[in-house]
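The values are calculated or read from the model by the stated rules, or taken from the named source; none is laboratory data. All figures in this text were calculated on a predicted structure; none of them were measured in a lab. Ideal geometry is used to build each Cβ from the backbone, glycine not excepted, and the neighbour counts take in all protein chains shown.
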Amino acid sequence: MHDFRYSGGQLVCEQVQIRALVERFGTPLYVYSSRTLREHFGRLNAALEPLDRWVCYAVKANSNLAVLRTLANEGSGFDIVSEGELRRVIAAGGDPGKCVFAGVGKTEAEIEFALKKGIYSFNVESEPELQRLNRVAEKLRKVAPFALRVNPNVDAGTHAKITTGTYENKFGIAFEEIEKIYRRAAKLKNVRARGLQMHIGSQLTEVEPFRHAVEKVVPLVQSLSTRHSLEFFSIGGGIGIVYDPALASGDPQWWKENPAARNILTPATYAEHLQPMLKPLGLRILLEPGRFIVGNAGALITRVEFVKRTGRKNFVIVDAAMNDLIRPAFYDAYHEIVPLRRKAGATISSDVVGPICESGDYFAKDRPLPKVGEGDLLALLSAGAYGSVMASNYNSRALPAEVLVDGDNFAVVRPRQKLEAIWASEKVPAWLKRR
């Protein structure tokens, strides 16, 4: 579900015509829907209502302060992976006491800062990290709350670069080692076991991998809870979005024609399969979704610079590039691409490509698209997650502007970067200037 649709032949976000935003702020331009953010957070939170649950938004998916504040206002907790992300949450008005700190390489400085801010828990990914956590907490005369991240050795069946739950991945601690490490941790004076955490991967669109992982880990949680008085069990994030336009728009006809779709991951199917296993635990349940909440809440708007026809290809060259949205180049990811002005007529098989001198700088290959020309505007939908947050200054290209829409209101939540700002902090040594 999302709030990008056609009205009067023009693409709008909620009640704002996107063309009007382009006229004011230019392209490339990220546009976010507040309503979609709130709706997706609310649907997931409500689906698990019988449980004591915290939805902790994964900041890495999109860390814009306006996005974080929107979710903080809804009562969200936050899943962070760096000191910088924790500082962003605090700057946005989020509660450090509802933050969990994940990641395999936490530095001593990051641990110290998080302890001073009173975060809810550290998701510990190795025994050496647990020892470091104990040392830093001892230095600060504090007791650090933690949850070991169990690796259940469950293949999520997702892209190789975003799977995390098998023994081939760098994340977590082997299932067979968990109980021994909790026993050893109980002898450390400056750490306290608060929970157990798992996360098997990202962009899961079927419920079965979650069901299998939770089913495997629940007996371990029961055993640990009895021995170590755990407060919570975190089942991680990874709830995907369906980039297919029929599903993303919630077309009811599609669901009617595809009865097998009940296995597709939605908040309802997620709760239906997992809640019966989780409720008897009597623990707080943490979720750490990112993409599900913000993915369909954003679009990247780009302008057609040229249309180049070769003997075999129709290249639509746009002003956005892989530095603005790297997912297609990095993951071979699909994004629906639509014109801002609805076009009728036959489609043309096209490659939508950016201006960077890399063959990987593309958004779509052999995609049936309406005929477009120089100056036309296109929207790359479902770009709210891992879009702007992974953007770079490659080729000394400025970062795009970002706009948040709420009903008929809108505001720039990050202005377009000035080119001079890219190298403003760089210095030429004096000895080079003398030559």
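Checking residue 312 against (1) at pLDDT below 95; (2) of a type outside the set (S, T, N, Q); (3) assigned to a helix (DSSP H, G or I), which single condition isn't satisfied?
Against the list (1) at pLDDT below 95; (2) of a type outside the set (S, T, N, Q); (3) assigned to a helix (DSSP H, G or I), residue 312 comes up short only on (3).
Going through the range 184-225 one residue at a time, which ones are free of Cβ contacts under 8 Å to residues at least 40 places away in the same chain and over 25 Å from residue 273 (Cβ atoms)?
187, the sole residue that qualifies.
Go through the range 358-396 and report how many residues are more than 25 Å from residue 423 (Cβ to Cβ) and outside any loop (DSSP other than H, G, I, E, B).
Final tally of qualifying residues: 13.
Residues that are in contact (Cβ under 8 Å) with a residue 60 or more places away in the chain and under 27 Å from residue 7 (Cα atoms): does the range 344-359 have at least one?
no
Name the pairs: first residue in the range 124-140 and of a type in the set (A, V, I, L, M, F, W, C), second residue surrounded by 19 or more Cβ atoms within 10 Å (Cβ to Cβ) and part of a helix (DSSP H, G or I), Cβ to Cβ under 7 Å, at least 6 apart or on different chains?
Between residues of the range 124-140 that are of a type in the set (A, V, I, L, M, F, W, C) and residues that are surrounded by 19 or more Cβ atoms within 10 Å (Cβ to Cβ) and part of a helix (DSSP H, G or I), the close pairs are 124/130; 124/133; 130/185; 133/111; 136/111; 136/115; 137/115; 140/115.
Given the residues 72, 46, which is the only one that is assigned to a helix (DSSP H, G or I) and out of contact with any strand residue (DSSP E or B) (no Cβ under 9 Å at 6 or more places or on another chain)?
46
I need the full set of residues from the range 66-119 which are within 24 Å of residue 199 (Cα to Cα), out of contact with any helix residue (DSSP H, G or I) (no Cβ under 8 Å at 6 or more places or on another chain) and buried (at least 17 other Cβ atoms within 10 Å of the Cβ), in order please.
Correct list: 98, 100, 102, 103.
When the residues of the range 397-406 are filtered to those that are among the aliphatic types (A, V, I, L, M) and part of a loop (DSSP other than H, G, I, E, B), which remaining residue is farthest from residue 326 (Cα to Cα)?
398
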